[in-house]
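S.K.: Have a look at the structure that comes next, please.
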């Protein structure tokens, strides 16, 4: 278990800083998660600890009772959106289940503790769909940055918008898991890349890329070289380090740099994923296909990413003529 978690260096650093023991059920719970799921699950557990009034390392999980769990639900209902509250309750259930597996909590006690109704309600997903003119400005700004770092920025934009990848998935991409083939589009042969990625729930999917994203990756690889390692690696000034992997925070900072140069409204890497979904549905792709490309287990999740409704509602209200 420890060997498995030590591969995730950033998470290990956080756990050491929080003084969480390797024997803790929190560690057992996180090991069972996919790498991209671990940070949000850890964040959810730390949120629960704030409600308990203790640090993560100070909670004796096997001593939590139903009254405390119900109080946690009440606190989450008062302070957070329903989805955030329910995901936090789910994370705590997962840690308690690890206590059952470890023999420190009985199955009957576990069932009594978690016998609490979920928090009802929903909220609109945060974020926005990025309009075409802003997307174009982002790509232009990235390509204007001199040297390999500008090529890397453009390629990452291509992957996040053209493939709908999460930033954690972008970081985990490997060079040898990227392939290119010729496909026929509108009676013409074009190069189309394909990425193999492991998403949430440790689910593998193959992500085909449009020609523009494939071209951007090709330009980046000519600067990066073909040394085996992460597809997207660190660049310092004009020097590429093909063995040093980017972390999700680096992807976020890269987008902040491009956004500032492009002078567009603030956006996050996940907004590019939302835009990928909305633009595909707008172009006539069916919901099932978009769900598979997004790596969602449930089509309802994919539908919630669709930001076309905002534009439709805004156009609709313009039909009402309010006297000036």
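Any read-out appearing in this document is the output of simple, stated calculations on the displayed coordinates, not a laboratory observation. Keep in mind that this is a model prediction, so the values were computed, not measured. Please note: Cβ atoms are built from the backbone with ideal geometry, for glycine as well, and neighbour counts cover all protein chains shown.
S.K.: Ranking 88, 13 by Cβ neighbours within 10 Å, fewest first, what do you get?
M.R.: 13, 88
S.K.: On a C-alpha basis, how far is the centre of region 6-72 from the centre of region 160-201 in Å? Whole number, if you could?
M.R.: After rounding, the separation between the Cα centres reads 34 Å.
S.K.: Report the full-extension gain for the segment residue 116 to residue 204: residue separation times 0.36 nm, less the Cα-Cα distance, to one decimal in nm.
M.R.: 28.3 nm
S.K.: Quote the relative contact order of region 215-312 in percent (integer), defining contacts as alpha-carbon pairs under 8 Å separated by 6+ residues.
M.R.: Here the relative contact order equals 15 percent.
S.K.: A further question follows. Which whole-number percent is the relative contact order of region 1-157 (Cα, under 8 Å, 6+ apart)?
M.R.: Reported relative contact order: 20 percent.
S.K.: Put a dot 7 Å past each Cα toward the Cβ at residue 79 and residue 12; how far apart are the dots in nm?
M.R.: Reported label-point gap for residue 12 and residue 79 is 3.2 nm.
S.K.: Translational diffusion coefficient of region 2-113 at 37 °C, 0.692 mPa s, Stokes-Einstein with Kirkwood Rh over Cα pairs, in µm²/s as a whole number.
M.R.: Answer from the Stokes-Einstein relation: 230 µm²/s.
S.K.: Sum -39500 (n - 2.57) across every DSSP H segment of at least 4 residues in the chain, then divide by the residue count to get the 222 nm mean residue ellipticity, nearest 500.
M.R.: -17000 deg cm²/dmol
S.K.: Also, I was wondering about something else. According to a simple spin-label model (label point 7 Å from Cα along Cα-to-Cβ), what is the distance in nm between residue 188 and residue 126?
M.R.: Here the answer is 4.1 nm between the modelled labels.
S.K.: Go through [x] 58, 39, 37; [y] 71, 46, 36; [z] 64, 64, 35 and flag the label whose value is the computed Cα extents along the principal axes in Å for this structure.
M.R.: Label [z] holds the value from this structure.
S.K.: If contacts are Cα pairs under 8 angstrom and at least 6 residues apart, what is the relative contact order of the chain in percent?
M.R.: Over the chain, the number comes to 16 percent.
S.K.: Something else: Sort 197, 84, 132 so that the residue with the fewest other Cβ atoms within 10 Å of its own Cβ comes first and the one with the most comes last.
M.R.: Neighbour counts put them in this order, fewest first: 132, 84, 197.
S.K.: Could you give the length gained by full extension between residue 260 and residue 71, i.e. 0.36 nm per residue of separation minus their alpha carbon distance, to one decimal place?
M.R.: 63.7 nm
S.K.: Need the full-extension length gain, residue 247 to residue 221, defined as separation in residues times 0.36 nm minus the C-alpha distance. One decimal, nm.
M.R.: Here the segment from residue 247 to residue 221 would lengthen by 7.5 nm.
S.K.: Give me 174, 134, 23 ranked fewest to most by other Cβ atoms within 10 Å of their Cβ, as a rough exposure proxy.
M.R.: Lowest count first: 23, 174, 134.
S.K.: What is the spin-label model distance, in nm, from residue 19 to residue 146 if the labels are put 7 Å beyond Cα along the C-beta direction?
M.R.: In this crude spin-label approximation the distance works out to 5.0 nm.
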